[in-house]
Structures are given as C-alpha cells and as structure tokens.
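Before any comments, here is the structure.
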Amino acid sequence: MVLVITRLMEYAIEISGLTKKFGDFVAVDRLDLRVKVGEIFGFLGPNGAGKTTTIRMMCGLMRQTKGTIKIYGYSIPEERSELIKITGYMAQRFSLYEDLSVYENMEFFGKLYGLNGKNLENRIIELLEFLDLKDVKNRLAGRLSGGMKQRLALGVALIHRPKLLVLDEPTAGVDPPIRRAFWEYLRGLNKEGTTILVTTHYMDEAENCDRIGLMNRGRLIAEGTPRELKKMVFGGDIVEIVLQGYVQEGALNETASLKELTYRDGDTVLRLVLKDASKELPALLRRLDDIGLRVLSAEPINVTLEEVFIELVTGRVEKAAV
Amino acid sequence: MRLMAVVVKELIQLRRDPRSLVMIAMIPLIVMLLFGVGYGGGMGKISIAVVNLDKGSLSWTVLDSIMKTPSVYVKAYANSIEEGRELVKEGIVSAAVVIPEGFTEELMRGASTQVLVIVDESITTISSTIRNAMLAVTYKFQQELVRSVQGSSVELIYSSVYGPKVTNLEAFTPLVIGIVLQLVPTSLISIAICKEKERGTFEQLIMSPISRFDIIFGKLLAFFIATIADMLITLMVAVWIFDVSMRGPLIDAMVVSTLFLLGSLGLGMLISVLSRNQLQANQAAIFIFIPALLFSGALMPIDMLSPSARILANLTPMYYFVSAFRDIMIKGFGLWQITWQLFALSVYMMLMMVSAPLVLRLRVD
Ligand SMILES: Nc1ncnc2c1ncn2[C@@H]1O[C@H](COP(=O)(O)OP(=O)(O)OP(=O)(O)O)[C@@H](O)[C@H]1O
Ligand SMILES: [Mg+2]
C-alpha cells in the first residue's frame, strides 16, 4: 500500500545564506530568496551579478560554498534527483544538439524522462503546436533562427510537464515581437499553475513578473512587486505638472518634493515625488494656484523599472527591502 | 530505456559528422595500404637472429661483419640454439646464426671450428640470399684470420627449418589491425564528453534524469557499433587484397580484437572525461598512441629493449594484442593457447570500462 502525501507548499524556492566563492572571488554573497508557488519571479541584475551562478546552484549543477537551498521542500544538492523530475530548465546559452532536428531533440529528452511510444509522440506534437514549431520540426536545431531556438529550448524544458520552470535569459538577443510572444507562452503556462523563475535584462519584461529580485555583485539588493519597488526607490509616486511660462525654481516653495525642473515649449515641467499622490495632489495644486502659477496639466507618471534599476545599481539608494 | 536513447542519439550524430565518418572509413584503408606498399613486395632486409655462445673476441668480428651486410639485419638475440631455432620456426626471423662455445679459443689454437646457420627454407629466394651473405662473411673473416693464425679455419654448416612462410606483410598485419583498433576508436570517442561540455549541451543533459552509466555506456555502445565495422574491414582487406592467410580460427581473432577494441573505447572515454576541451582530448589520444606503437613488439622485439623499457612494454595493451593476434594468425593458435594475453587484455578492458564512470561528475563547475 503506497501512502501518497501531498505536501501543501507555500514556497517553491527557499534559499538562505547562499554563498558561492570562486577562489577568493565571491560570486554570490549570503543570498536569501523566496519564491511562492504559482508566481512568476523575475531575477534581475547587471552582467556578472551572480544570477546564473545562483540558478546553477539551485539546480544542483554547481555546489554551493555555503547556504541552504530548498526546492519544493527538497534539499539541494542532496535531493537533486527529485528536483530534476519537477523542474524544467533553460540555460543561458543555447544548449540543445545543433546536429539533431527539432523533433529529434525533443524525442531524445522525452525518452530521458521516461516517455515513449504514443505518449511521447503526442506530447511532442502538442508542444510543437503550442510553440508554433510544427513547420520546422525536421530542421536541424543549428539551422533555426534565434527565436525558434528559444522556443525549442522552452519546448524541451516543458516536455515532462514541470511544476517549476527555471529560465536563464530566455529572450536574450531576440526581437521585441518574438519576446512578446514568448512571454505570452510563459503567462499561459503560469495560468495553468507553473511556477516560473526567469532572469532577464529587459525591463519591460520584468513588468510582467509578479515579483522581482534585484541582484548586484552577488547580493540581493531589492525585492518586491514592480509597484513596490518603484515606490520604494523614489519614496512615493511621481507626478508631472506643467506650468505656463518660465518659472524659476526659487519661485516655488515645493523644494522638498521637487525632483526635477525642466522647460518644454516655453512652459515649465515639474516632477515631484508624493508619498501618496491621490491624497496630496489637490492640496498641492491649490498651493500653486495661490502663488499665482497657472497649471496646464497634472498627472501621475509611470516610472519604468529601468529607472528603478539604475537608481539601485548605481547605489543612490542603499540596501532596501519592502 | 535511457541507455538506448543515448545510443540512438550518438549514432544519428555520428552519421551527420563527416569528419568522423571519413576517419572510420579511411584510416583502416590508409594504414593497410601504407604497410601493404611498404612491406608487401618482399623488399627490404631479411631479419635474422644471433646466438653467440662464445666468450672471446673473435666472435664479435664475425657479428660485426654480419651487421654490416646490407641484405640482412639482426632483429633478435637468443641465448641458446633451441631459442634460435624457435624464432625461425615461428617466422619471427628468417635465419639464426649460432656461434659455438670456445669459438675464439679453437681458432687461436689453430684448429677449425663451425658456425651453424639455421635457415627457413620455405621461401627459397630468402634462404639463398642468406647463404650467400654468410658465405661472404666467413670468406672475409678467414682471409684476415690466416694472416695471424696458421692452420685455423671456419666452416659453415646449415640446418634447414620450415617456417610458417610468413611474408613481411603478414608479419605486420597484427600491428596494422592493432593500430586501427586503438587509433580510430580512441580518437573518435575521446571528444565524446568534452564536446558536450564545450558546446553547453552537457548542462541540459544532466538536468534530465540521466545517470553517469547511461551517458558513458550509451556512448561506448554507439561507438562500438561504429568501429566494429572497422575491424572487419581491416581483416577483409588483409585477407582478400593483400592475401594474408589466417591460420587460426577467425572467431578467436575476433574475440581478441573485440576485447582490445572495448579497451580502446574505454581509454578514449576516460580521456574525454578528464579533458577540458576537444583539442586537449585529441592530443592525449595521439600522445598515448605513440608508446603503444613503440612497445607493441612488432617494430622492435621486446627482448632487444632495455630492462626498464621492457617493463613499459609489458604494461602496453597493444603488446598483448599484437602477440595474441600473431599467435592466432600465424601460428594457428586457439584462445586456450594464449590465455596469458587473453587475461591481460581482459584486465585492461575491465579497468577502462569502470574508470570513466568513476571519474565523471554530473556538474558544470
Ligand atoms: N566557473 C567560474 N569560475 C570563476 N568565476 C566564475 C565562474 N562562473 C561565474 N564566475 C564569475 O562569477 C560572477 C557571476 O557570474 P554569473 O554568470 O552568475 O553572472 P550573471 O548575473 O548571470 O551575469 P550575466 O547577466 O552576464 O549572465 C562573474 O563575475 C563571473 O565571472
Ligand atoms: Mg547569466
């Protein structure tokens, strides 16, 4: 009699104190990270931040120097064989066989996962359709375009229906429309319940993530939802107000919240940071009116994550947590 | 089955790799042709063995004169008449020259003495060349001798032996097959693992539930299938094109060849696991091949090597293969008569089979 215990889990990934040294060089430095089941977690950071190294340790491809890793409750590297069954992995570099065709690559990896016969065939056809690769199924992987290669790699990662997808820069060097389509696939998979950990250098992609972790020089320097991060970095919402005519900075008494003052088409553009725009904005407009300035427009603006990223990495904001 | 998935994948990749295909198809033919042209026509020197039982200095004058004879070369030294006769019988040399005990002493006393020449009579052109050469050597020696010692004389006596009628090409066939069975599989498989590491495919591979044994034995099996054909091609070319005759059972020759081939594949796999990149792996395969060739016993008889080199030769698998294969092909032995070589080759094969899986780590750091 086999007793099946379903572990109800909150976290797909729990990492604490993770450290990796290459000789004297510390590539990953006491990293703590948690990814919830069902989340799309974006892992950001400049080149050499240690993202790939972290991912490799998570997958048991590299031994950590220190720290503990749990993936769906399994300790890594000890229980790596369990991890492999539930994880789909896409390496940063294209790592499928260029001298095998699309179909042969999927077939080979499918067999390694114990699939065979009709089951395997159906699964491959399903994936080829999902990823729109049916027309090139007999083409050698080495002859595919960049976008097709990425989709094939995703297909191989998905062959055994993993609960967790780990993708290391899946969209590097791919055109924007193809990147958008790729994210459509990811969102679709996520809706069906797949937890996704993805690294990227594209900030517009990061907006798609439920939560983001920002890494720099081996350390996690910020973590939270995209909104939380923006708010944290700039200390609140950013509002853009256009005043008629040239207004000197001295003429304003809003210096505390003023972030930037520029001129555009003979008018003055102010950027201000407000703790909570919806509450503070009416009062602010009234005050401007009181000192005789004419407000042409006033609206909250969407800062991009790119700006958040630059602020954080250039060190203007010290270690912060939400 | 995972292992079979690896075998199929490797064979598909091999089929699409022109470099490897050329190597599998061409190297056996090229090696055979080189040796066939070089040694097939009965050209070159005739090999002889020397048995010197004399303790004096005059025997050295005779030997020196033999060595200076252009048509023969001394391939081996034996310690007794029986040993010399054995060498001729086995076809390792075409003749053995025996200088008797007390050769110098007798001549100095002014007496006459005899030099025994054991000749393989199975190929008449060779035996007459040897007779002529020996006549010339003794004539010259006698001329010088009479000047200093009166009355002494040297007489040549012949003893006929019928050797296995080994042509030069046949003598080299075991080595040629050994070369094909070591060089081709070792070089081919030596890049098997490090190519995956270099191209990054190893990282994806080990993220699947594959074991070290699946990877190593899957690849070994695929390359075994590919190179077993080489062994057969080489044997067929030898027998049909160069008219080499296989005196022992063909199946026994194949058993020995298979053992050696598996050892070579395991060796190549070990190189592959230990190498950082394909270039390094290729160099290592060639580097290991050179001593194998030198100590094979086919280019230089082991007895002629220095004691330390002899130890190295005894550790060279190629030596055991060549000697086992020669025993089967030329002497017509069966497996039960070559148990020692069979044992050595089996140990080599098993060591190579277990070492690669022990060394391989499923990680990327
Ligand atoms: N095997 C290794 N040996 C030595 N140093 C290494 C090794 N692997 C990575 N590093 C170093 O560790 C640091 C982190 O590298 P890593 O690849 O994890 O960064 P990353 O965040 O993935 O960068 P990228 O965005 O460029 O992919 C880098 O400085 C890199 O040079
Ligand atoms: Mg990286």
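The values are calculated or read from the model by the stated rules, or taken from the named source; none is laboratory data. None of the values given here were measured: they were computed from a predicted structure. For neighbour counting, all protein chains shown are included, and Cβ atoms are generated from backbone atoms with ideal geometry for every residue, glycine included. All accessible areas refer to the heavy atoms of the entire protein, side chains included, with ligands and DNA or RNA removed. Shrake-Rupley method; radii C 1.70, N 1.55, O 1.52, S 1.80 Å.
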Entirely in segment B:1-119, the helices (runs of 4 or more DSSP H) that have 1 or more residues that are out of contact with any Lys or Arg (no Cβ under 8 Å at 6 or more places or on another chain) and within 14 Å of another protein chain (Cβ to nearest Cβ): B:2-15, B:18-39
Answer residue from segment A:136-177, given it is among the polar types (S, T, N, Q) and open to solvent by 10 Å² or more (accessible area, probe 1.4 Å) and is farthest from ligand 2 (Cβ to nearest atom) among those: A:138
Unique match (being open to solvent by 30 Å² or more (accessible area, probe 1.4 Å) and assigned to a helix (DSSP H, G or I)) among B:312, B:265, B:299, B:235: B:312
Some residue of segment A:217-227 being open to solvent by 80 Å² or more (accessible area, probe 1.4 Å) and within 16 Å of ligand 2 (Cβ to nearest atom): yes
Filter result for residue A:194 (modelled with pLDDT of 85 or more, within 16 Å of ligand 1 (Cβ to nearest atom) and more than 14 Å from chain B (Cβ to nearest Cβ)): no
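Residues checked against (1) away from every other protein chain (no Cβ under 14 Å); (2) surrounded by 18 or more Cβ atoms within 10 Å (Cβ to Cβ); (3) not in a loop (DSSP other than H, G, I, E, B):
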residue: B:160; (1), (2), (3): yes, no, yes
residue: B:165; (1), (2), (3): yes, no, no
residue: B:173; (1), (2), (3): yes, yes, yes
residue: B:184; (1), (2), (3): yes, yes, yes
residue: B:196; (1), (2), (3): no, yes, yes
residue: B:209; (1), (2), (3): no, no, no
residue: B:215; (1), (2), (3): no, yes, yes
residue: B:220; (1), (2), (3): yes, yes, yes
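Do we find that residue A:90 is in contact (Cβ under 8 Å) with a residue 12 or more places away in the chain, crowded, with 20+ Cβ neighbours inside 10 Å, closer than 19 Å to residue A:161 by Cα and within 16 Å of ligand 2 (Cβ to nearest atom) in this structure?
Here the answer is yes, as residue A:90 does meet what is asked.
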Filtered residues of segment A:158-189 (kept if assigned to a loop (DSSP other than H, G, I, E, B), away from ligand 1 (no atom under 16 Å from the Cβ) and of a type in the set (Asp, Glu)): A:175
Selected residue [free of Cβ contacts under 8 Å to residues at least 12 places away in the same chain and within 14 Å of chain A (Cβ to nearest Cβ)] from B:143, B:204: B:204
Residue A:206 vs. criteria open to solvent by 30 Å² or more (accessible area, probe 1.4 Å), aliphatic (A, V, I, L, M) and either modelled with pLDDT under 90 or at negative phi (or both): no
Of all residues in segment A:151-193 being without any contact (Cβ under 8 Å) to a residue 40 or more places away in the chain and touching a Leu at 6+ places or on another chain (Cβ under 9 Å), the one that is farthest from residue A:52 (Cα to Cα): A:189
Test: residue in segment A:190-202 that is acidic (Asp, Glu), more than 16 Å from ligand 2 (Cβ to nearest atom), farther than 30 Å from residue A:116 by Cβ and not in a helix (DSSP H, G or I): no
Selected residue (criterion: farthest from residue A:308 (Cα to Cα)) from residues of segment A:241-272 that are open to solvent by less than 30 Å² (accessible area, probe 1.4 Å) and not in a loop (DSSP other than H, G, I, E, B): A:243
Hits in segment A:28-55 - residues which are more than 9 Å from ligand 2 (Cβ to nearest atom), farther than 10 Å from residue A:220 by Cβ and buried (at least 20 other Cβ atoms within 10 Å of the Cβ): A:35, A:40, A:41, A:42, A:44
Boolean, residue B:258 is in the same structural domain as residue B:27 (by TED's automatic domain parsing), out of contact with any Gly (no Cβ under 8 Å at 6 or more places or on another chain) and open to solvent by less than 10 Å² (accessible area, probe 1.4 Å): no
Inter-residue pairs, beta-carbon under 6 Å, first in contact (Cβ under 8 Å) with a residue 40 or more places away in the chain and away from chain B (no Cβ under 13 Å) and in segment A:47-60, second near ligand 2 (Cβ under 8 Å from one of its atoms) and open to solvent by less than 20 Å² (accessible area, probe 1.4 Å), 6+ apart: A:51/A:199
Leading residue by the ranking (farthest from the other protein chains (Cβ to nearest Cβ)) among those in segment A:86-105 that are within 26 Å of the chain's Cα centre (by Cα) and aliphatic (A, V, I, L, M): A:86
One residue from A:83, A:140 being over 24 Å from the mean Cα position of the chain (by Cα) and either within 13 Å of another protein chain (Cβ to nearest Cβ) or closer than 18 Å to residue B:207 by Cα (or both): A:140
Single residue of segment A:106-119 satisfying the filter (more than 9 Å from chain B (Cβ to nearest Cβ) and not polar (S, T, N, Q)) that is most open to solvent (accessible area, probe 1.4 Å): A:118
